[in-house]
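What follows is one structure encoded as structure tokens, with my remarks underneath.
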Number of protein chains: 2
Amino acid sequence: MRMRIGVLASGSGTNLQALLDADLGPADIVSVVVNVEGAKALARAEAAGVPARLIRHRDFADRESFDAALVEALRAAGVDLVVLAGFMRILTPVVLDAFPGRIINVHPSLLPAFPGVDAQRQAFEAGVRITGCTVHVVDAGVDTGPILAQAAVPILETDTVVDLQRRVLAVEHQLLPAVVRAIADGRIFPADGRPRLRGPEPDPGAVLACPSLPEPTP
Amino acid sequence: MRMRIGVLASGSGTNLQALLDADLGPADIVSVVVNVEGAKALARAEAAGVPARLIRHRDFADRESFDAALVEALRAAGVDLVVLAGFMRILTPVVLDAFPGRIINVHPSLLPAFPGVDAQRQAFEAGVRITGCTVHVVDAGVDTGPILAQAAVPILETDTVVDLQRRVLAVEHQLLPAVVRAIADGRIFPADGRPRLRGPEPDPGAVLACPSLPEPTP
């Protein structure tokens with residue numbers, strides 16, 4: 001019994017592309033829904049031969065009716081797990097209750113730090129030295145649901161915000177497919193609140209050997 | 001010109017011990033002040049031949065008079081940089097203004113996440129997969145000052161809170177002396193708000209090769 005994955009995207013779709021390119025084990029991406037006309041994610045899905053639909057949120061009177069259309073599309077595709085891959089809309093209970101504990105999101109910070117928009121800039125401006133990304137279950141809050149997996153990303157002295165955004169995104173491209181596969185494999189369980197996937201364990205000994213740390217003076 | 005370090009401690013003093021054991025480059029620990037009778041930190045300082053004093057906060061009518069006694073002791077020792085190593089008192093402007101931008105603290109989380117007491121338990125109970133420790137400049141807030149350095153620590157599936165506390169502490173023992181030495185070397189500047197020391201850069205490729213991640217099913 002293979003797991004059927006639906007992906008929601010709004011933008012350029014690089015996280016969608018990472019999912020399309022990854023070995024997801026016993027899971028298939030069976031549906032992609034995009035809410036913004038011209039979003040490159042739509043073309044990526046079509047290029048991969050995955051059924052893709054444009055459902056414009058602007059065509060709906062309110063969030064609930066837009067969400068009802070999402071649910072209809074996802075159910076029609078027989079989706080088991082919904083993955084938000086750069087999907088820039090807050091979901092209402094119309095979607096949340098249709099897939100309870102079965103909607104996951106990737107967020108570009110180590111939650112609970114820096115929820116909401118522009119998380120990499122928030123981290124950069126807060127002066128933190130380590131940020132990262134988080135895959136979590138979506139609940140009614142903004143980036144508040146149970147954390148499934150995280151990976152750390154350092155902020156380098158030479159970084160601009162754009163550098164940091166690129167580096168975090170590259171790690172998202174690894175972490176998100178790994179989590180989807182782990183869910184499909186039954187190694188983590190989004191609904192049970194006790195997930196097991198995590199990022200790499202830093203070597204404490206490497207703290208002093210960090211290549212970006214200037215050498216002590218002789 | 002060697003940098004003169006004063007250390008304030010309240011408890012068992014393992015971070016003090018890490019400082020005493022480390023090569024701090026052009027810096028010497030010249031004074032240790034402990035505020036709790038029987039704190040093992042006092043014995044550690046004495047064993048290392050470092051002048052140590054007990055200044056009991058309970059002997060003072062208010063925070064300010066206690067802080068004035070701290071300042072007097074630190075000034076008498078000619079201290080350039082004050083290091084809080086498990087020091088469990090909030091400092092008033094009496095101390096902060098006497099050593100502006102020259103007081104640093106180590107905190108057992110990746111600030112700004114989980115400030116305040118019992119940070120490891122806060123992280124554990126929040127369900128995060130990565131926490132860590134932070135060395136920061138002390139300001140009038142609780143763990144809010146400019147961040148100088150951070151290191152990441154994963155939370156493993158098998159961890160108890162005690163396991164996590166031990167693992168974070170072991171990383172503190174590396175990071176804090178590294179920061180003190182970097183300040184003494186002039187490689188980071190606590191007062192300028194643009195520090196440069198950081199923890200190791202995780203290998204994004206290791207996300208999928210994490211030894212604690214169960215293998216995908218064949």
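The values are calculated or read from the model by the stated rules, or taken from the named source; none is laboratory data. Since we're looking at a predicted model, the values are computed, not measured. Cβ sites come from the backbone with ideal geometry, for glycine too, and all protein chains shown count toward neighbours. Remember, those area values only see protein heavy atoms, side chains included, never the ligands or the DNA or RNA. Shrake-Rupley method; radii C 1.70, N 1.55, O 1.52, S 1.80 Å.
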Defining a contact as two alpha carbons under 8 Å apart and six or more residues distant in sequence, what relative contact order in percent does the stretch B:129-172 show? 42 percent
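Return a whole-number percent for the relative contact order of chain B, with Cα pairs under 8 Å and 6 or more residues apart as the contact set. All intermediate terms of the calculation are to be shown ahead of the outcome.
Values: 414 pairs, mean separation 40.9, N = 218.
Here the relative contact order equals 19 percent.
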If the label for A:VAL117 sits 7 angstrom from Cα along the Cα-to-Cβ line, what are its distances to the same label in every other copy, in nm to one decimal, shortest first? 3.9
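Calculate how many DSSP beta bridges within chain B are antiparallel, expressed in % of all such bridges and rounded to the nearest 5. Mind dumping the intermediate values first?
On the way: 11 of 28 bridges.
Here the antiparallel bridges make up roughly 40 percent for chain B.
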At most 15 other Cβ atoms within 10 Å plus a DSSP loop assignment makes a site exposed; report the longest stretch of chain A without any exposed GluC sites (Glu not before Pro). A:38-156
Selection of trypsin sites (Lys or Arg not before Pro), the stretch A:14-73, meeting DSSP coil and at most 16 other Cβ within 10 Å: A:ARG56
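Where Rh denotes the Kirkwood radius from the mean inverse Cα pair distance, what is Rg over Rh for the protein assembly as shown?
In the protein assembly as shown, Rg relative to Rh is 1.06.
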Calc'd 3J(HN,Hα), the stretch A:137-142, phi into Karplus 6.51 cos²θ - 1.76 cosθ + 1.60 (θ = phi - 60°), Hz, glycine/Pro = x, comes to 6, 7, 10, 6, x, 8
I'd like the distance separating the alpha-carbon centroids of the stretch B:80-105 and the stretch A:1-60, in whole Å. 53 Å
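What is the sum of charges, Lys and Arg at +1 and Asp and Glu at -1, for the other residues whose Cβ falls under 11 Å from the Cβ of A:VAL30?
Values: positive: A:ARG2, A:ARG4; negative: A:ASP28, A:ASP80.
So the surrounding residues net to 0.
Percent antiparallel among DSSP beta bridges with both residues in the protein assembly as shown, to the nearest 5? Working shown, then result.
Details: 22 of 56 bridges.
Within the protein assembly as shown, antiparallel bridges account for around 40 percent of the total.
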Spelling out what I want: for every residue of the stretch A:13-28, take phi, set θ = phi - 60°, compute 6.51 cos²θ - 1.76 cosθ + 1.60 (Karplus), and round to whole Hz; glycine and proline get x. x, 5, 5, 4, 4, 4, 5, 5, 7, 7, 7, 8, x, x, 9, 10
If you place +1 on the Cβ of every Lys and Arg, -1 on the Cβ of every Asp and Glu, and leave all else neutral, what size is the dipole of chain B about its Cα centre, to the nearest 20 Debye? 360 debye
Under-5 Å amide H pairs with B:ILE29, H placed in peptide plane, nonlocal only: B:ILE5
Unit charges at the beta carbon, dipole of the stretch B:46-175: most positive-side option, B:PRO51, B:ALA73, B:PRO108: B:PRO51
Which residues, if any, in the stretch A:141-169 have at least 40 Å² less accessible area in the whole protein complex than in the isolated chain, probe 1.4 Å? A:ILE147, A:GLN150, A:ALA152, A:PRO154, A:GLU157
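If you take every residue apart from A:LEU8 with its C-beta less than 12 Å away from the C-beta of A:LEU8, what net charge results, scoring Lys and Arg +1 and Asp and Glu -1? Show your work: numbers first, answer last.
On the way: positive: A:ARG53, A:ARG89; negative: A:ASP67.
Its environment carries a net charge of +1.
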